[in-house]
Amino acid sequence: LLNAIFAKMEAEPPAREELEAFIESVYAERESAEAAQKAVPAVRGVPVGDGPEGARARRCYSHVDELQTNFPASEIERISHQTNVTNMFDIFANTVKTYPDNDFYGTSPEAGKPFTFQSYTQVNDRVARVAGGLTSLGIKKQQFVGVMLDTSPEWGIIELALWRQAMVPVTLYSTYGKEAIGYIVNHAELEVLFTSKKSVGMLSEILSECPNLKRIIYVGDKSELEGVNLRNLEISFFSELEKSDAVDPCLASSDDIALVIYTSGTTGNPKGVVHKHSGMVAMVAGSITLLPFTPDDRHMAFLPMAHIMEQFIEGLLYAVGGSIGFWSGDIRLLMQDVGALRPTKFIAVPRLLNRLYVQLRGAFSALEGAKKAIFDAAMASKKAWLAKGVYKSFYDLFVFKKAAAALGGRCGLLATGSAPIDPGMLEFFRIVFSCPVVEGYGMTEVLITNLTYVTDVKTRSHVGPPCPAVEVKLVDVPDMNYLTSTTPPRGEVCFRGPMNLAGYYKDPEKTKEALDEDGWFHSGDIGEFYEDGSLRLVDRIKHIFKLSQGEYVAPEKLEQLFVHSKYVAQIFVNGNSLQSCLVCVVVPDPAVVASALKEFGASNEEELFTNEEFKKAVLKDIDTIGRGAGSFGFEIPRDVRFVNTPFETLNLLTPTFKMKRNEARKQFDALTQE
């Protein structure tokens, strides 16, 4: 093994300076890791209040007596400039004064090409001019303005310009269909809407149904509107707003509305979630103490800015003076964008990480002989050091260097959220990318509520303790036998604190359903507390179903597990109270289909999908994965159906890649009951 390692190092020798610096950093991390882990107490989510132990709320250990609502400027140097913060624009303005020449927004002419950046001062100038243009159009303080754009610098500049004048961005996903667009435009009574080439055609088809809409502000070239019938709408152009004269800011109070986010919605019409500036500030201030963001950090922006997760990350970046690079817009070329930007922080949804995991696992699994021996030794060594909080290893120089290059080669933090993810996968990424992997939890209605810590290297599944700006409790769901009196306590997850929504726009009934008299938001998620106060999610109440023998099944948890099968690209687990076992619908991995056609003697996909031996192979692999993870027998599907059309093409995923379960059931019920 040593001879093979030396041979590899001779074939691909690191530069002397690189080697010396790396060795020094490894030893430094080993010396500091133990102290870093000891700095965090064993119990991180501390029980508070009266009542039975399991039913008591949990708060972050650092804010047991009082929830955090603003920046602890005097305590942390990297945010010491964040003083007198009342609204979200204050955060940006403070950073402009402190880091005027730092890179802020970056773009690339095409995927894989170098990024060029504008400084905080340059972006602030654009924001001020757009704000002046909006004011000249007669838009008033607290007026709602729709933003239906892909993630881009323009999206961010528009939002900051609106906040500069105390106006209110209303988010619309650029992937919405006509029905959802029309509903939001009418429900929010939007008179002004930012849009672009991607959505303007669809918008033109529903203008007759949107009598309130008076003006669109187009982001793009004027020539792109040729042939588009916009009826009697007034048309302005973003490029023209940028030529306007700046006006004095008209800043919002903490109690003013900051944002209306229309939920991506797995059922029914989108709901308009109203957040005040006080809540948005608490979101950033209450999490930045847990996440080591600095002015040197760089983030790859590709998640929808209409979603709270991207809003959260970008808020953290401009709170500390970090930079944001915007992707080229093609998910197929995302990793080329990442390679060119070389982010220091990489934020991704589990669906993307699942794909990356399968690719890397496949590459490592193909190793043989000495290479496999080196890899196995590296994994074992790094896993042992990881248990002590040490991420770096000498193996990184020649075993994991190419894998780390997938994220640009300098990623210092990988973060994920919005859906459950396998803890084994997170450990794999910690080893391969040699950096902390943080899992977060939140909802549109309550922003970011829980975060695992960068020092947390445990492999069990959880989303961490409460953030300093929120308290979390569980409430009994007796019909489903989820009780806070059990060990561990289980129940519906509820939140209270400054980040809670102010309400659902124009929907007092749903607001009353979600927020109880004591101010607790009832999430509809089932969770349990570990002994250290960390929260583990089980599933959504409305997604859990019962089989004919009375067993409750949490399908999302199982789907996150079974997607690791080599045969599976996407999976939907289905069942009901009339069935004794589960059936799954699988979109097979295209690479596996190509080889399976030969292996199972099928002439085409249709023939393969009805081949009993192929079905047995898929079910056997799923069974192995399930039993290896400790799943009960009733949680493992006993039959499988195949479709060759991705779920997003069938319109079964939200813009944030969550399954529309009701739609999926309608689509696949007949198929799974054959």
Search result, residues across the stretch 96-154 that are in contact with a Pro (Cβ under 7 Å, 6 or more places away or on another chain), among the polar types (S, T, N, Q), surrounded by fewer than 21 Cβ atoms within 10 Å (Cβ to Cβ) and part of a loop (DSSP other than H, G, I, E, B): ASN102, SER108
Pick from the stretch 633-662, criterion of a type outside the set (A, V, I, L, M, F, W, C) and farther than 19 Å from ARG351 by Cα, ranking: modelled with the lowest pLDDT: ASN662
Scope the stretch 506-553; condition closer than 22 Å to VAL48 by Cβ and among the hydroxyl-bearing types (Ser, Thr, Tyr); matching residues: SER523, TYR530, SER534
Which listed residue, of GLY321, GLY329, is modelled with pLDDT under 95 and on the phi > 0 side of the Ramachandran plot: GLY329
Odd one out for THR624 among (1) closer than 23 Å to HIS307 by Cα; (2) of a type in the set (Ser, Thr, Tyr); (3) free of Cβ contacts under 8 Å to residues at least 60 places away in the same chain: (1)
Those residues of the stretch 328-342 which are surrounded by 23 or more Cβ atoms within 10 Å (Cβ to Cβ) and out of contact with any Gly (no Cβ under 6 Å at 6 or more places or on another chain), in sequence order: ASP337
Residue in the stretch 598-619 that is more than 24 Å from PHE545 (Cα to Cα), within 26 Å of the chain's Cα centre (by Cα) and either among the charged types (D, E, K, R) or in a loop (DSSP other than H, G, I, E, B) (or both) present: no
Any pair with Cβ under 6 angstrom, 6 or more apart, that starts in the stretch 303-330 at a residue that is hydroxyl-bearing (Ser, Thr, Tyr) and ends at one that is not in a strand (DSSP E or B): TYR318/PHE92; TYR318/THR95; SER328/ALA111; SER328/ASP337
Evaluation of ARG231 against (1) surrounded by 14 or more Cβ atoms within 10 Å (Cβ to Cβ); (2) modelled with pLDDT under 95; (3) over 30 Å from the mean Cα position of the chain (by Cα) (one fails), failing number: (1)
Some residue of the stretch 545-561 being charged (D, E, K, R), part of a loop (DSSP other than H, G, I, E, B), assigned by TED's automatic domain parsing to the domain that holds LYS660 and touching a residue at least 24 places away in the same chain (Cβ under 8 Å): yes
First in the stretch 637-648 and over 18 Å from LEU608 (Cα atoms) and in the same structural domain as LYS660 (by TED's automatic domain parsing), second anywhere and surrounded by 18 or more Cβ atoms within 10 Å (Cβ to Cβ) and of a type in the set (Asp, Glu), Cβ under 7 Å, 6 or more apart: none
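Here's the yes/no breakdown for (1) without any contact (Cβ under 8 Å) to a residue 40 or more places away in the chain; (2) of a type in the set (A, V, I, L, M); (3) touching a helix residue (DSSP H, G or I) at 6+ places or on another chain (Cβ under 9 Å); (4) not assigned by TED's automatic domain parsing to the domain that holds GLU226:
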| site | (1), (2), (3), (4) |
| --- | --- |
| TYR120 | no, no, yes, no |
| GLY138 | yes, no, no, no |
| GLU154 | no, no, yes, no |
| GLU159 | no, no, yes, no |
| TYR183 | no, no, no, no |
| HIS187 | no, no, no, no |
| SER196 | no, no, yes, no |
Among the candidates GLY524, GLY533, residue that is touching a Lys or Arg at 6+ places or on another chain (Cβ under 6 Å), at positive phi and assigned to a strand (DSSP E or B): GLY524
Residues of the stretch 630-651 classified as closer than 18 Å to ASN354 by Cα and buried (at least 19 other Cβ atoms within 10 Å of the Cβ), total: 1
Matching residues, the stretch 656-674, being in a loop (DSSP other than H, G, I, E, B) and surrounded by 14 or more Cβ atoms within 10 Å (Cβ to Cβ): THR656, PHE657, LYS658, LYS660
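Conditions tested, residue by residue: (1) modelled with pLDDT of 75 or more; (2) among the β-branched types (Val, Ile, Thr); (3) surrounded by fewer than 13 Cβ atoms within 10 Å (Cβ to Cβ).
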| position | (1), (2), (3) |
| --- | --- |
| LEU1 | no, no, yes |
| ALA33 | yes, no, no |
| ALA36 | yes, no, no |
| PRO41 | yes, no, yes |
| GLY45 | yes, no, no |
| PRO52 | yes, no, yes |
| ARG56 | yes, no, no |
| ARG59 | yes, no, no |
| ASP65 | yes, no, yes |
Given (1) closer than 27 Å to ALA258 by Cα; (2) touching a residue at least 40 places away in the same chain (Cβ under 8 Å), index of the condition THR83 fails: (2)
Tally of residues being of a type in the set (Gly, Ala, Ser), over 22 Å from HIS543 (Cα atoms) and free of Cβ contacts under 8 Å to residues at least 40 places away in the same chain across the stretch 485-533: 1
VAL472 vs. criteria closer than 23 Å to VAL281 by Cβ and buried (at least 19 other Cβ atoms within 10 Å of the Cβ): yes
Hits in the stretch 108-133 - residues which are in contact with a strand residue (DSSP E or B) (Cβ under 9 Å, 6 or more places away or on another chain) and farther than 22 Å from PHE237 by Cβ: SER108, PHE115, THR116, PHE117, SER119, TYR120, THR121
Single residue of the stretch 456-489 satisfying the filter (acidic (Asp, Glu) and outside any strand (DSSP E or B)) that is farthest from LEU413 (Cα to Cα): ASP479
Unique match (being within 16 Å of the chain's Cα centre (by Cα) and of a type in the set (Lys, Arg)) among ARG342, ARG351: ARG351
Residues satisfying the stated conditions in the stretch 184-207, i.e. crowded, with 22+ Cβ neighbours inside 10 Å, modelled with pLDDT of 95 or more and assigned to a helix (DSSP H, G or I): ILE184, VAL185
Meets criteria (outside any helix (DSSP H, G or I), touching a strand residue (DSSP E or B) at 6+ places or on another chain (Cβ under 9 Å) and either among the β-branched types (Val, Ile, Thr) or surrounded by fewer than 20 Cβ atoms within 10 Å (Cβ to Cβ) (or both)) for VAL170: yes
Matching residues, the stretch 490-505, being closer than 18 Å to TRP520 by Cβ and part of a loop (DSSP other than H, G, I, E, B): GLY497, PRO498, MET499, ASN500, LEU501, ALA502
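The values are calculated or read from the model by the stated rules, or taken from the named source; none is laboratory data. Because the structure is a prediction, the values reported are computed rather than measured. Virtual Cβ from ideal backbone geometry, glycine too; neighbours counted across all protein chains shown.
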